[in-house]
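> Sharing a structure here in C-alpha cells format.
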Amino acid sequence: MTQDDRLRRPQEDTPAGTPAGDAVVRPDERGTAPRPGASSTGSEAGTAPRGGTAEAGTAPRGGAAEAGTAPRGGASEAGTVPRGSMAEAGAIPRTGTSGADSKGSRRARVSGLLGRSRPGGTANAARSAQQIARRAVTKIVEDPSPTTQPIPIVAVLRNTPYSAPVQEAAKSEDEARMILDLAVDLGQMMLRAGASSQDVEVSVIATCTAYGLATVEVDLTANSLTVHYTDGMGNIVTVMRVNREDSVHFAKLSAIHALVTEMVDGRIDSERARERLDAIRKQKRPYPEWLVDVSWGALVAGFVNLVGGSYVSSALGFLIAIANQRFGALLGRTGMPSFFIVVIQALTITVLAMGAATLHLIASPQFLVAAGIVLLLPTMGLISAVQDAITDFPLTASGRAISVALTFAAIVTGIAAGIMIGRLLNLQTIEVTLPATGTQFLTTLVSLFAAVIVAAGGATAMQATKRYILPAAIIGVIGFAIMVACLVGGLNGILTSFLASTVVGVLARPVALRLGAPAIVLVIPGLYPLLSGLSIFNAAYLIVQPEESVGLATGLSSLFTALTVNAALGVGAVFGTFLATWLPYGQGRRTKAEAIVQDEGGDAEETATGAP
C-alpha cells in the first residue's frame, strides 16, 4: 500500500450519501497536530500532486482540501478537525508540535501515520546484527586469498634421512595411481616388518614426492595405511592397505630403506622401483629357523648371567628358551590368541624353574624365570608405542599401548599361575631377595661379555643381516656399561634405564644410517641387555603372596615400578635418536647406501628368481 493510498483511506471509507464537504470524523484522526508551515491550496477533483492542487478527491500534501480530508498543516473547510486547532465536531485537539522539531522526530511521526511503527531497541539491534553478519560472510566468500596456507608435505621430511628429495614433474592420473600403489605397498611391508609409524610415514611421503606427487596425505593407524592424492584437476585418488599380522624382518627394513634412498636421490625410476620392491617382498630370511632359536637361547643364557644367575642356570635357560619358542610357535599354528600363548609360556617357564630348584639343579630359580620372560616382553611394541606417542601418532600409540599392556598382563598372569601351580605340586618356593634391577651386582668382564651375547643374539633373532650384528653388540655393551656405572653411582632404576637407553639411541641412529639402515635395526638389539625382567617377576611374585604377609597394594606398586622402568627404556631410546639428528651422520651415507642396495637388492632378486 502506497503512502497516498494510506492518506486516501478516510475518504474511501466515507458512507454513501455523505457530501464531500462533510467528511466523517474518525476517532484516530482527532486532535492530531498539523505539520507547521504548510500552505493551503484548493482542490476540486482528483488526487492532488505533492505540493500542488487537485481538482477532486483528496487534498494535496501541504495544502487545504475543499472536499474530504484535512490537509496536513492547514485548516479544513469541510468538517474535519485540523491538526493543532480546536475541532468544531467535538474532537479534543492535541497540542501541536513546534517548527523546531528535529528531522528524526518528523520521520518517526510519519512512520507512525503510515503504520510502520515498531519497537526501536530490539529491532534495530537485530537489523544491525544481520548487517554485520552479512558483511562478514560476504568478505569470507569474496576474499580470494585463504586464511591459512597448507604446509607442503615435503616439509615432513626435514631432519630425516630423505630430506630434500629430487622431485619429478606432476603425473597423470594413471601414473599417479601406479606410484601410489608402489608407496602404499612399501609402507605396508614396513609395518609388517616392524617399522615405527614415523618411519613408515616418512618413507611413503618420500616415495610420493620423489615421483611428483607432492600433494599426498597419509593416514596411518596401527594396522592400516591410506594415502590420498589430489591432482591439478581436482581428481582424488585413494589407495589403502591393511596389515593383518606382524613378522619382524630387519633385513627387509634395511633393503627398503636403501630403495627409498635411491628414489629420493633420483637414481631409479618408478618402474624399476616396483621391480625392486617385488623382489624385496619375496626375499627370504637371512637365517634359518633353527639358528633363530639358538640365538634366542643365547640371549636368555647371557641374560641369566646379567641378572646374577649361575652357569648352570644359563645352560638351563638356553634349553628352556629354545623349547619354549618351539612350544609357542606350535600354539600359534592352532589360531590361539597371543594373550593366552604368552600366559602359557610364562607359566611353563615358572614351573620349570621351580622344578629345577626342587631337584637342586639351581639355587635361585628367580633368575631363570626373569631371563625366560625377557623373550616374552613386548620390547618392539613398547618402543614403537612410546615413539608414536611422542611423534604425534596418538591413535597408533593408543592401539600399541593396549597391546603392550595386555602382554604385560599375560606375563604377570602366567607367572602368578605358575607359582600357584608349583605350590600345589609341593615344588620349592621361589624367594625374591634382590632389588628390581639386580644389575648392580654384575660389574665383571663376564657380565660385559654376556651383554655382547645378548645384543648379538637379539640382532640375529630379529633377522638383521650380518653387517649389523657387530655394531648392535658394541652398542648394547656400551649401554649396559652406562647402566652399571649409573647403578654404582647410586641412581635409581628409572633414571638409570633412561640414561642408558638414551646413549643407545644416540649411537644407533648415526651408525645405522651410515650403514644404510633405519635406526630401529640397531636400537632394539642394543636395548636387550637393559631390559628389566627380574622386576616383572618380582611384581608378579608379590601379587600372588597371601594378603596377611604382603598386601596387594605392595604388589601393584611394584608392578607399576617395573612397567615404568621398562617404559623409560623406550623414552630414552626415542630421545637419543632425536639428539642424534644433530650429529653429522655423514654426507656419504647415501653413497654407502648405494653399495648396500647393490648387495641386498641383488640377493633379493636372486631369491625372487629361485637362486640359492
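The values are calculated or read from the model by the stated rules, or taken from the named source; none is laboratory data. What you are looking at is a predicted structure, and each value in this text was computed from that prediction instead of being measured. Counting neighbours? That spans all protein chains shown, and the Cβs are built from the backbone with ideal geometry, glycine included. With ligands, DNA and RNA removed, areas are computed over all heavy atoms of the protein, side chains included. Shrake-Rupley method; radii C 1.70, N 1.55, O 1.52, S 1.80 Å.
> If you consider only alpha-carbon coordinates, what radius of gyration and Dmax does region 263-366 have, in Å?
20.5, 65
> Rounded to whole Hz and in sequence order, give me ³J(HN,Hα) for region 413-419 from the Karplus expression 6.51 cos²θ - 1.76 cosθ + 1.60, θ = phi - 60°, writing x for Gly and Pro.
For region 413-419, the Karplus-derived couplings read 5, x, 5, 4, 5, x, 5 Hz, x marking Gly and Pro.
> Rounded, prolate or oblate: which fits region 463-525 when a ≥ b ≥ c are the square roots of the eigenvalues of the alpha-carbon gyration tensor, with rounded for a/c under 1.5 and prolate only if a/b beats b/c?
prolate
> Let me ask something else about it. If you average the C-alpha positions of region 307-373 and of region 257-299 separately, how far apart do those two centres end up, in angstrom?
Taking the Cα centre of each part, region 307-373 and region 257-299 sit 32 Å apart.
> Spin-label point model (7 Å from Cα, Cβ direction): what's the residue 224 to residue 315 distance in nm?
Between residue 224 and residue 315, the simple spin-label model gives 5.4 nm.
> So if each residue of separation counts as 0.36 nm, and I subtract the Cα-Cα distance between residue 231 and residue 326, what length gain in nm does that give?
Value of the extension gain: 29.1 nm.
> Roll a 1.4 Å probe over the protein heavy atoms and report the accessible area of residue 423 in Å², nearest 10.
90
> Next question. Pairs of Cα atoms under 8 Å, at least six residues apart: use those to get the relative contact order of region 265-322, whole percent.
Relative contact order, region 265-322: 31 percent.
> Can I ask one more? Tell me the trypsin sites (Lys or Arg not before Pro) within region 243-287 that lie in a loop according to DSSP and have at most 10 other beta-carbon atoms within 10 Å.
When the trypsin sites (Lys or Arg not before Pro) of region 243-287 are filtered for loop state and at most 10 Cβ neighbours within 10 Å, 244 remain.
> If the viscosity is 0.890 mPa s and the temperature 25 °C, what translational diffusion coefficient in µm²/s does Stokes-Einstein give for region 441-557 when Rh comes from Kirkwood over Cα pairs?
The calculation lands on 160 µm²/s.
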